[in-house]
1. Going residue by residue through the range 268-285, is there one that turns out to be more than 28 Å from Phe172 (Cα to Cα), open to solvent by 30 Å² or more (accessible area, probe 1.4 Å) and not in a helix (DSSP H, G or I)?
2. State all residues of the range 222-248 that are touching a Pro at 6+ places or on another chain (Cβ under 9 Å) and over 16 Å from Leu284 (Cα atoms); if no residue qualifies, say none.
3. Name the residue that is most open to solvent (accessible area, probe 1.4 Å), counting only residues in the range 95-139 that are free of Cβ contacts under 8 Å to residues at least 40 places away in the same chain and either aromatic (Phe, Trp, Tyr) or assigned to a loop (DSSP other than H, G, I, E, B) (or both).
4. For a quick check of your reading of the model, give me the residue pairs whose first member lies in the range 43-70 and is on the phi > 0 side of the Ramachandran plot, whose second is surrounded by 21 or more Cβ atoms within 10 Å (Cβ to Cβ) and at pLDDT 95 or above, with beta-carbon atoms closer than 6 Å and at least 6 apart or on different chains.
5. When you scan the range 217-237, how many residues do you find that are of a type in the set (Asp, Glu) and assigned to a helix (DSSP H, G or I)?
6. Could you list, in sequence order, all residues of the range 208-232 that are among the polar types (S, T, N, Q) and at negative phi?
7. Tell me, yes or no, whether the range 228-250 has at least one residue that is polar (S, T, N, Q) and within 14 Å of Pro132 (Cβ to Cβ).
8. Quick check on the range 236-267: of everything there that is farther than 30 Å from Ser224 by Cα and of a type in the set (S, T, N, Q), which residue is most open to solvent (accessible area, probe 1.4 Å)?
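The values are calculated or read from the model by the stated rules, or taken from the named source; none is laboratory data. None of the values given here were measured: they were computed from a predicted structure. Because the Cβ atoms are built from the backbone with ideal geometry, glycine has one as well, and the counts that use them run over all protein chains shown. Protein only, heavy atoms only, side chains kept; ligands, DNA and RNA dropped before computing areas. Shrake-Rupley method; radii C 1.70, N 1.55, O 1.52, S 1.80 Å.
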Amino acid sequence: MSTTTIRIANSYRLVARSFSSVGYRKPYSSNIKTKPYPHGTTSNPWDHVYGVSSVLSALKAKKRQILDTVYIQETDEKKTTQKKDTSLISEVLSLAKAANIYTIAVDKGRLNNMTDSKPHQGVVLKASPRNPIEISVLSQLNDDGYEALPRINKRGSEQDRENKKTFSGVKFKTPKSRMPFWIALDEVQDPQNLGSIMRSAYFFGVDGVLLCSKNSAPLSPAVSKVSSGAIEMMDIYSTPNLVKFLKESHANGWEIIGAAGDANPSMDLSQFRESCQKPVVLVLGNEGTGLRTNVKNGCNAFVSIPSAIGDESFNGSVDSLNVGVAAGVLISSALFK
């Protein structure tokens, strides 16, 4: 082992141990209000966010209500440590110290237990879940932009409903060089697909991502890892009634375009790009069944991605794109000329 490698490993170990000996620190708590766990739930009230990118993003963005503890893997002086990983871990520790978050060095086995042996890269953050913000509809565009209006639960008390009527919506500014572009996900259930879509949405600058409240993959640590921390950086929205959301948003001037290869007629990519001269919600369907029938009925147009495989060729099971890949193609086509 070189002298440089030993120095890096020793530094990494000393930093981790020095933070573990600080003692208890009050967990970071934000003033962000999202839908809490229901009373009496059996779900784990904590997430164990893993992977350097996801943990760094969570610490920087502070979109989770509580950031409780950072766990760092102790290193063996006999083992090599990548300089890049050491630098990033040091940044994690610095951010945790600045936010007064309890930090402790533990062995790899404990981290494996926290993450079901997922690729944690030697760092895990114990935090409250990343929950979406519930909305009901997108408003019309005006000179100041537009709003995502909050949902009023009709089953709540009359006082609760009246109180929520006074809540203002989430305000958005219209982008300078294009119209607003949202994506809505109709029961996407695979964490790998959801994470891939979130990463593309954040990378390309999608204005908003909307999930179904039911039958969708949760914003889990696995999704955070696949998204490379994108879900930690962006606001994510949900609705219990996607069809109603689409129809009412369309009435407010939004184009609702479904991604469906079997729809006839459907736009090609150039036509889809032209249609994005208006505010658009692109709707992407479930991995196996695509868009539900009632969701298709809520779309006023469809787009499909052409294949290079001829109709007479043997395609096997490669007759369409994975929804995560399709999302990247369509988002890029819509936002970049």
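1. Scanning the range 268-285 turns up at least one residue that is more than 28 Å from Phe172 (Cα to Cα), open to solvent by 30 Å² or more (accessible area, probe 1.4 Å) and not in a helix (DSSP H, G or I).
2. Selection gives Ala222, Val223, Lys225, Val226, Asp235.
3. Asp116
4. Every condition considered, the pairs that remain are Gly51/Lys225.
5. Residues that pass the stated criteria total 1.
6. Ser213, Ser216, Ser220, Ser224, Ser227
7. The answer is yes, given that some residue of the range 228-250 is polar (S, T, N, Q) and within 14 Å of Pro132 (Cβ to Cβ).
8. Looking at the filtered set, the residue picked out is Asn264.
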